[in-house]
Every structure is written in C-alpha cells, then in structure tokens.
Amino acid sequence: MGGQNDDLRSSISNMKVWGKLYLENLKLLSIEKSTVLFGHAALAGVLAVLAVIAFFFISLALVFLLAQVLPLMWCFLIMGGVYVIGGILAIIFRNTLFINPICRFMTRLFLAPPPEYLTQNEEKQS
C-alpha cells in the first residue's frame, strides 16, 4: 500500500510541475502574441500618419494643377468631392478592405498552432 501512496504523491507532484510549466508557457505565448499585435498596430499607426501627410500634399498638388484650367475654389471642391467619394467607397467596402483582413490576421495570430508543433506532427505522421 505504501508503494501506491508514493506513486500517487509523485504523480501529483508531476502534475503540479506540469501545470506550472503550462502556465509559464501560456504567459510566454501571450506576451509573444501581444508583442506581435502591438508591433503591427504601431506600424499601422505610423503608416496611417504618413499616408495622411502624403494625401495632403498630393491633394494640394492636384488642386494647383487643376487651378491652371479651373477657378481655385472649384478645384478645392473637386478634391473634397473626391475624398467624399473615397469615404463612401471605404464604407461600402469596409468588410473587404478592413474587417476581413484584420479578422484573418487576428485568427492566424491567436488561433494558429505554433510552427514547431506543425513540424513535429508532420514528422510523426511520416
């Protein structure tokens, strides 16, 4: 009977060690995934700011180009209309342009198994 108690105690201690290692792995994976997510968000923010600045200067250049043919007020109204149409198109195609790519990225980031898990399973199946 004493041998069974020792086996039970060693199994319980092994389960505790396994649980601690599992939690540590979970912490490390969550930090890794969060780092990737925040890194992409920061990059998207910087690119968005740069894109706004670029669109501003391109708009001014197009306005002054059109000003050679039309009155300046109409040129600014035309550029405003182009941006309104662009905003309407962005709203219409928001699923295709914004929601689906973000959803695919988040799904791949948080739900895809780690690459080393995939290679281990492929080796076992071979």
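With r as the distance between the Cβ atoms of LEU77 and SER30 and R0 = 35 Å, compute the FRET efficiency 1/(1 + (r/R0)^6) and round to 0.05.
Details: r = 51 Å, r/R0 = 1.45.
Efficiency computed from Cβ-Cβ geometry: 0.10.
Taking 7 Å steps out from each Cα toward its Cβ at HIS40 and ASP6 produces label points 5.3 nm apart. Once the 1.4 Å probe is applied to the protein heavy atoms, the chain comes out at 85 Å² accessible per residue.
Spin-label model, ALA112 to ALA51: label points 7 Å out along the Cα-to-beta-carbon direction sit 2.2 nm apart. When Rg/Rh (Cα atoms, Kirkwood Rh) is calculated for this entry, the matching label among (i) 0.96; (ii) 1.08; (iii) 1.36 is (iii). Note on the chain: with neighbouring protein chains present and a 1.4 Å probe, carbon and sulfur make up 74 percent of its accessible heavy-atom surface.
Put MET106, MET15 in order of accessible area, largest first, 1.4 Å probe: what do you get? Intermediate results must be reported in sequence, preceding the final value.
Values: MET106 65, MET15 130 Å².
If we order MET106, MET15 from most to least accessible, we get MET15, MET106.
Once the C-beta distance of ILE102 and SER59 is scaled by a Förster radius of 22 Å, the resulting FRET efficiency is 0.25 to the nearest 0.05.
The values are calculated or read from the model by the stated rules, or taken from the named source; none is laboratory data. None of these values were measured; they are calculated from a predicted model. We place every Cβ from the backbone using ideal geometry, glycine too, and count neighbours over all the protein chains shown. The protein model used for the area step is the full one, side chains on, heavy atoms only, and it has no ligands, DNA or RNA in it. Shrake-Rupley method; radii C 1.70, N 1.55, O 1.52, S 1.80 Å.
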